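Below: the structure, in structure tokens.
Each reported figure results from applying straightforward, stated rules to the coordinates on display, with no laboratory input. Here the structure is a predicted model, which is why all the values come from computation and not from measurement. Ideal geometry is used to build each Cβ from the backbone, glycine not excepted, and the neighbour counts take in all protein chains shown.
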Amino acid sequence: MGGPGSSPCASCKLLRRRCAKDCIFAPYFPSDDPHKFAIVHKVFGASNVSKMLQELPIHQRADAVNSLVFEANARVRDPVYGCVGAISYLQNQVSQLQMQLAVAQAEILCIQLQHEPTLQSHHQLLELDQGDKALLLHNNNIDNFNSNNNNNNLCYAMSSGQFSSNFAPSSIMQMQMQDPPKQESLWT
Amino acid sequence: MNPKRCAACKYLRRRCPKDCIFSPYFPPSDPDKFACIHRIYGAGNISKMLQQLPVQTRAEAVKSLSFEAKCRVEDPVYGCVGIISLLQTQIQETQTLLAKTQAEIAVAQTKHSQTQISEFM
């Protein structure tokens, strides 16, 4: 905290002003990390950050400062896309992983069906998940289900080309905000 | 005043020059877009950022700045960092589930090979 005889916070040092006892920046921008405030000031401006912090309850300000620093760093690293570049990259990763998971789950189902000796009736197929059911019932050779060849063809159909992602990078601009979980992992 | 002022110059109550840096990206038909971005970044900072970018990248920059500003207005504590956190969690959960499913496949395939060997013998 500022005041006579004590070191001004990083913000007041940069802004070349007296660091008041109740300086809004002092708890979050210590003098030993001048870069932190410099980058936030460069992107958002000191007065905007001050306004944002004033509108928040005290117990939320530390997290708000951390997220502003994160966004400012991202914007300096990538002046065109900032954090949106990271969001796009992560969304792509999620899509790819979900596709891999769908393929793996289809494979497991195939293996289970191949090994199930009593699965002969049409009614037993109705106990499967909706998506699997739709694919399996599409096959007109239900009577030959237990033959190895047909099982392999079905499994191939399920695991390849059936699960496409409709992800479009521009769609992130229309994303809805949801309640964010705790943010500890980002700051460690 | 020029009735065809861009949204930025209208908001800032100033004349909109021919070479206004904001006018290609803030049409008068969408006043909220500039209002939101100005609230978070300030007109001066936006102008500086745009000036430092090649002209062909400015439209994308404005789009991403608008998105981040909107996220910050809707979530003043975490902004768009909240979305990043959600996606990271989703990735971790999907990776865990994928690893589990792949392990199940490996076990099932091993069992199947063992069964085939014992049937052959």
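A few comments on the model shown:
- Cα gyration tensor category, rounded, prolate or oblate, for chain B with a/c compared to 1.5: prolate
- Think of it as helices only: each DSSP H run of n ≥ 4 in chain B is worth -39500 (n - 2.57), and spread over all residues that comes to -23500 deg cm²/dmol at 222 nm.
- The stretch B:1-35-the stretch A:18-49 distance, computed between alpha-carbon centres (Å): 31 Å
- Distance between the 7 Å Cα→Cβ label points at residue A:15 and residue B:4: 4.1 nm.
- An oblate overall shape is assigned to the stretch A:18-61, the ratio a/c of its alpha-carbon gyration tensor axes (a ≥ b ≥ c) being 1.5 or greater and a/b not exceeding b/c.
- Counting Lys and Arg as +1 and Asp and Glu as -1 over every other residue whose Cβ lies under 11 Å from the Cβ of residue A:73, the net charge comes to +2.
- Note on residue A:6 and residue A:22: their simple-model spin labels are 1.5 nm apart, each label 7 Å out from Cα toward Cβ.
- Cα gyration tensor, the stretch A:34-95 - rounded (a/c under 1.5), prolate or oblate: oblate
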